[in-house]
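FYI, it's all coordinate maths here, none of it is from the lab. Just so we're clear, the structure is a prediction, and the values are computed from it rather than from any experiment. Methodologically, a virtual Cβ is constructed for each residue, glycine included, from the backbone with ideal geometry; neighbour enumeration extends over all protein chains shown.
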Amino acid sequence: MEKRPHALLLKFPGTNCDAETARALKAVGFSADVLPISQVSPDRLEGVDLVVLSGGFSYGDYVMAGRLAQLVSEQRLGDALKQFRDKGGYLLGICNGFQILTRMGLLPEGSLIHNDTGRFKCNWVKLKKGSQKDSPFLRGLPDEFELPIAHAEGRFVTKDASEAEALVADGFGVLTYTEDINGSFNQIAGLQDESGRVLGLMPHPERFIWSEHHYDPDWKNENGGEHGSGYYMFQSIFEEIEEKSGLKAKA
Amino acid sequence: MKAVFEIVDRYLEAGCCSALLYAPIDEDLTYRQTRRYTLDFEGDESAAADFVSKTLLDEVAQDLHQGEGGALSGYQFVIDYGMKPGALDLEKEAVVSYYEHLDGPAFQLNDLKIEQRVYVFGEGKANPDRFVSDICNRAIHTWSVIDGAN
């Protein structure tokens, strides 16, 4: 059987974007499994190339979004996800997954709190790639592109505003909103870690895989193709893993 | 032994009270919301405080205040509300379940009470009853009102 990059999606009670994220991963060539957190143990990370924490409202967002998922993951996995990253594995956190990765300390220190309007926001946003550092997740995307957002707790803050500024200047803030959407410091929409193998973002790439997902029925991508921006995000990391693991050469 | 912890969001500013009510209010009043956790426990008090810090506090964006007295001052009145005893409080269940899976905690958690606290500030005199009636759900909540003048 042909070996393909494999993605594992961790599902918490309240996670609700796992099916469409798995579909998006499969569309670019990944094999993908969804695993409830109750069945997760460190040995389940064997043979996995990409761990995905997809969107939703894990544990009803009780206490604060992502906190209980962080605590339960740490109880079940200890520092296995950090070891997975250190051994060359990739991690992607989308929306609630971004909140969880941030609370787990897998991304630079910061927090995602209630939007400054105090309201849930569900609309399309324009995003800009950071210019300081490349991200393997964003390589195939133009400098500016659109994705939908849907969150109540997406305002990225740091203990001090200057820390957020430094995150963008130093290449950790790889994705910013082109306008103020939710009060995020420095309009940060996505962060990567030092290794570049961990990415968290508030927008939902899995909701823009085909051009038909776009609000404008006549929308076409830059190449006139049928795929939306989210497709190219998943394709970028697929190609990165294929290249790094030598799967592409074997194929 | 009982310990009260109040968690205040550092970055959320006071909002207009009309946002809390079904109809706009004429008086110039603002509010802030915090969360209060009352732990009934036995054992190491600092371990209980550590549990609160690690489990219930966001150190980047929130401040922790320990003690019965309110974290904020200068209010006109305060409403504390939470789930009725016996009502299913899923948040409490989730936190207690996490505690029960801890490996050898240095304190015994007997009970946890979770309350939302609403501070109302401003010059115009407002009737707390209106706030209680719009914020609290009589079917599932219990509440108390503290007058800032007392």
Based on Cβ point charges of +1 for Lys and Arg and -1 for Asp and Glu, what charge dipole magnitude is obtained for the protein assembly as shown about its Cα centre, in debye rounded to the nearest 20?
880
With θ set to phi - 60°, apply the Karplus curve 6.51 cos²θ - 1.76 cosθ + 1.60 along the range A:209-222 and write out the HN-Hα couplings as whole Hz, x wherever there is a Gly or Pro.
9, 10, 4, 5, 6, 6, 5, 8, x, 9, 4, 9, 6, 4
Would you pull out the residues with amide H under 5 Å of A:V125's amide H, same chain only if 5 or more places away, H placed 1.01 Å from N?
A:L147, A:I149
Most mobile listed residue (B:I114, B:I79, B:I140) in chain B, GNM with C-alpha springs under 10 Å
B:I140
Taking H as built 1.01 Å from N, whose amide H comes closer than 5 Å to the amide H of A:N182, not counting residues under 5 places away?
none
Can you classify chain A as rounded, prolate or oblate using the Cα gyration tensor, where a ≥ b ≥ c are the square roots of its eigenvalues, rounded means a/c under 1.5, and otherwise it's prolate if a/b beats b/c and oblate if not?
rounded
With θ set to phi - 60°, apply the Karplus curve 6.51 cos²θ - 1.76 cosθ + 1.60 along the range A:172-180 and write out the HN-Hα couplings as whole Hz, x wherever there is a Gly or Pro.
7, x, 7, 9, 10, 6, 7, 9, 6
Can you give the charge dipole size of the range A:65-197 about its Cα centre, rounded to the nearest 20 debye, using +1 on the beta carbon of Lys and Arg and -1 on the beta carbon of Asp and Glu?
480
Candidates B:T38, B:T30, B:T55: whichever shows maximal mean-square fluctuation once chain B is modelled as a Gaussian network with Cα springs under 10 Å
B:T55
Of the convex hull drawn through the C-alpha atoms of the range B:2-147, the volume per residue in Å³ is 112
Among the aspartates and glutamates, select those whose C-alpha is under 20 Å from the C-alpha of A:K3, and discard any that sit fewer than 8 residues away in the same chain.
A:D33, A:D43, A:E46, A:D49, A:E239, A:E240, A:E242, A:E243
How big is the charge dipole of the range A:91-143 about its Cα centre, in debye rounded to the nearest 20, if each Lys and Arg gets +1 on its Cβ and each Asp and Glu gets -1 on its Cβ?
160
In the range A:30-87, the trypsin sites (Lys or Arg not before Pro) that fall in loop regions by DSSP, at most 12 other Cβ within 10 Å:
A:K87
As a footprinting exposure proxy, order B:Y22, B:Y11, B:Y119 by other Cβ within 10 Å, with the fewest listed first.
B:Y22, B:Y11, B:Y119
Averaged over the residues of B:59-71, the number of partner chain Cβ atoms within 10 Å of each residue's own Cβ comes to 2
So if a site counts as exposed when it's one of the trypsin sites (Lys or Arg not before Pro), its DSSP state isn't H, G, I, E or B, and it has at most 16 other Cβ atoms within 10 Å, what's the longest stretch of chain B without one?
B:11-124
Short version: ³J(HN,Hα) in whole Hz for each residue of the range A:123-134, in order, from phi by Karplus 6.51 cos²θ - 1.76 cosθ + 1.60 (θ = phi - 60°), x for Gly and Pro, what are they?
6, 8, 10, 9, 10, 10, 6, x, 9, 7, 9, 6
Exceeding the 32 Å Cα-Cα cut-off - candidates B:K92/B:K125; A:K244/B:K54; A:K26/A:K220; A:K128/B:K54; A:K121/B:K54; A:K133/B:K92:
B:K92/B:K125; A:K244/B:K54; A:K128/B:K54; A:K133/B:K92
Mind listing which GluC sites (Glu not before Pro) in the range B:56-120 are in a DSSP loop and have 16 or fewer other Cβ atoms within 10 Å?
B:E59, B:E68
Farthest toward positive dipole pole in the range B:2-147 [+1 Lys/Arg, -1 Asp/Glu at C-beta], among B:A14, B:Q62, B:G104
B:A14
Averaged over B:89-99, how many beta carbons belonging to a partner chain fall within 10 Å of each residue's beta carbon?
4
